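**Q** Starting off with a structure, shown below.
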Amino acid sequence: MKITLATHGGLAAPITARRPPSVVDAATLDQPAVEELTQLVAAAKAANAPTPAGPRRGRDEMSYTITVQDGEQQVVLTESDTTMSPEFGALLSWLEQRS
């Protein structure tokens, strides 16, 4: 399983736009970390809800795209600072600490 994290927007947009996405490859992790990552991904997928249409709440908010590539299967999760589920936030924090 390979996880890619891309960030967009916010006050740091001019700086972060030039950075490549962060990548975490489960093949490089120890078994406890793989198990934790698998649980976090499953929880974020289960909590994934369509983003409501309408105006955005925060002009300077960050948005995050997490792409989970597991063999032939790919899932893309996108949230922002104002719409993020707790499960997505937990996965985001885990990825930020390890990338």
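**Q** Give, as a single signed number, the net charge of other residues whose beta carbon lies under 14 Å from the beta carbon of L5, with Lys and Arg counted +1 and Asp and Glu -1.
**A** 0
**Q** Please give the net charge around A47, taking every other residue with its beta carbon less than 10 angstrom from that of A47, where Lys and Arg add +1 and Asp and Glu add -1.
**A** -1
**Q** Next question, about the same structure. Rounded to the nearest 0.05, what FRET efficiency is calculated for S99 and Q31 with R0 set to 22 Å and r the Cβ-Cβ distance?
**A** The value I calculate is 0.70.
**Q** If we count every other residue with Cβ under 13 angstrom of G89's Cβ, Lys/Arg +1 and Asp/Glu -1, where does the sum land?
**A** -4
**Q** At 0.36 nm per residue, minus the direct Cα-Cα distance, what do S85 and E61 gain on full extension? Give it in nm, one decimal, please.
**A** 7.2 nm
The numbers here are math on the coordinates, done by the rules we state, and not lab data. Quantities reported herein were computed from a predicted structural model and do not represent experimental measurements. For neighbour counting, all protein chains shown are included, and Cβ atoms are generated from backbone atoms with ideal geometry for every residue, glycine included.
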